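A.B. asks: The structure under discussion is supplied below as structure tokens; questions concerning it will follow.
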Amino acid sequence: MNFRCFSAILLGTAACLTLSSCGNSSVISLDYIPQPGLMVRGDPDFAVGQFKDKRGQKPQTLGHVRLPIGPKVDTIQTRLPVSDVVRNAFAYALEARGMLATDVKGHYVLTGEIQDLRSQLLVHPYGYARIRVNVVEAVSGRVLYSRVYEGERQSNAYRPGSGSPVPLLRDLTSRALQDAVDRALDDTTMRQRLGTSATDRPRYTPGML
């Protein structure tokens with residue numbers, strides 16, 4: 001899988017520069033920026049399957065910008081369905097760790113459910129991710145490991161008139177998703193259960209989701 005195409009496919013910035021000038025929605029891209037001092041390298045045994053969107057939202061909706069009093073003033077959306085964004089995040093994170101399978105299937109397949117992934121602003125800009133990750137044995141289809149992982153990021157209170165909060169919401173949600181992905185892939189219990197390697201540090205380049 002070539003993850004350099006993410007930048008071309010998903011390159012995007014907030015569609016609105018200020019709340020006063022925007023319409024009803026802003027389309028953003030999320031990114032994954034590996035942390036070489038924190039990630040643990042593994043064996044190239046993993047493929048990525050389907051992550052079902054269980055959020056009860058439209059497929060590309062992340063959340064809303066609201067003022068403390070009054071209706072929502074903006075809707076935050078992704079360029080691709082959230083299910084694809086999360087799948088891409090896991091694929092890129094596996095590649096950065098040297099864990100993405102070089103053959104078609106790999107020994108294990110990561111699947112799961114997106115229980116929550118959102119950007120929101122009421123007073124504080126906020127990003128949150130909660131994802132159930134399943135490690136499935138490719139040959140048998142048996143679930144070998146399953147756990148819910150979370151990521152949460154929040155910033156200082158937004159001051160109306162200080163510019164668009166959308167870029168900040170994008171960054172907070174990107175980091176929240178990345179936290180959940182990294183916790184899943186670097187889970188010591190999961191690695192011990194599967195007997196995967198945890199030796200060399202990876203080389204990487206940032207990727208857009």
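A.B. asks: Cβ-Cβ below 7 Å, separation at least six or inter-chain, first residue in the stretch 166-179 and at pLDDT 95 or above and part of a helix (DSSP H, G or I), second surrounded by fewer than 24 Cβ atoms within 10 Å (Cβ to Cβ) and among the charged types (D, E, K, R): which pairs?
C.D. replies: Qualifying pairs under 7 Å: LEU172/ARG153; SER174/ASP31; ARG175/ARG153; ALA176/GLU152; ALA176/ARG153.
A.B. asks: Quick one: is LEU80 in contact (Cβ under 8 Å) with a residue 40 or more places away in the chain and either over 12 Å from the mean Cα position of the chain (by Cα) or open to solvent by 10 Å² or more (accessible area, probe 1.4 Å) (or both)?
C.D. replies: yes
A.B. asks: When you scan the stretch 18-36, do you find a residue that is open to solvent by 80 Å² or more (accessible area, probe 1.4 Å), modelled with pLDDT under 95 and hydrophobic (A, V, I, L, M, F, W, C), even just one?
C.D. replies: Scanning the stretch 18-36 turns up no residue that is open to solvent by 80 Å² or more (accessible area, probe 1.4 Å), modelled with pLDDT under 95 and hydrophobic (A, V, I, L, M, F, W, C).
Yes or no, residue by residue, for (1) surrounded by 15 or more Cβ atoms within 10 Å (Cβ to Cβ); (2) under 16 Å from the mean Cα position of the chain (by Cα):
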position	(1), (2)
ARG142	no, no
SER155	yes, no
SER162	no, no
THR173	yes, yes
GLN178	yes, yes
GLN192	no, no
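A.B. asks: Only one of (1) surrounded by fewer than 18 Cβ atoms within 10 Å (Cβ to Cβ); (2) in contact with a Pro (Cβ under 7 Å, 6 or more places away or on another chain) is not met by LEU169, so which one is it?
C.D. replies: Looking at each condition in turn, LEU169 falls short on (1).
A.B. asks: Further question on the same structure: Given the conditions (1) among the aliphatic types (A, V, I, L, M); (2) within 21 Å of THR75 (Cβ to Cβ); (3) modelled with pLDDT of 95 or more, which single one is not true for VAL136?
C.D. replies: (2)
A.B. asks: What residue, of THR102, THR75, is modelled with pLDDT under 95 and surrounded by 14 or more Cβ atoms within 10 Å (Cβ to Cβ)?
C.D. replies: Only one candidate passes the filter, namely THR75.
A.B. asks: Select, from LEU80, LEU117, LEU121, the only residue that is within 16 Å of LEU172 (Cβ to Cβ) and at pLDDT 95 or above.
C.D. replies: LEU117
A.B. asks: Would you say LEU122 is touching a Pro at 6+ places or on another chain (Cβ under 9 Å), in contact (Cβ under 8 Å) with a residue 24 or more places away in the chain and open to solvent by 30 Å² or more (accessible area, probe 1.4 Å)?
C.D. replies: For LEU122, the condition - touching a Pro at 6+ places or on another chain (Cβ under 9 Å), in contact (Cβ under 8 Å) with a residue 24 or more places away in the chain and open to solvent by 30 Å² or more (accessible area, probe 1.4 Å) - is met.
A.B. asks: Okay, moving on. Going by the conditions given, is CYS5 more than 25 Å from PRO125 (Cα to Cα) and at pLDDT below 95?
C.D. replies: Answer is yes for this residue.
The values are calculated or read from the model by the stated rules, or taken from the named source; none is laboratory data. As the structure is a computational prediction, the values presented were derived from the model and not from experiment. For neighbour counting, all protein chains shown are included, and Cβ atoms are generated from backbone atoms with ideal geometry for every residue, glycine included. Areas reflect the complete protein model, heavy atoms only, side chains present, ligands, DNA and RNA absent. Shrake-Rupley method; radii C 1.70, N 1.55, O 1.52, S 1.80 Å.
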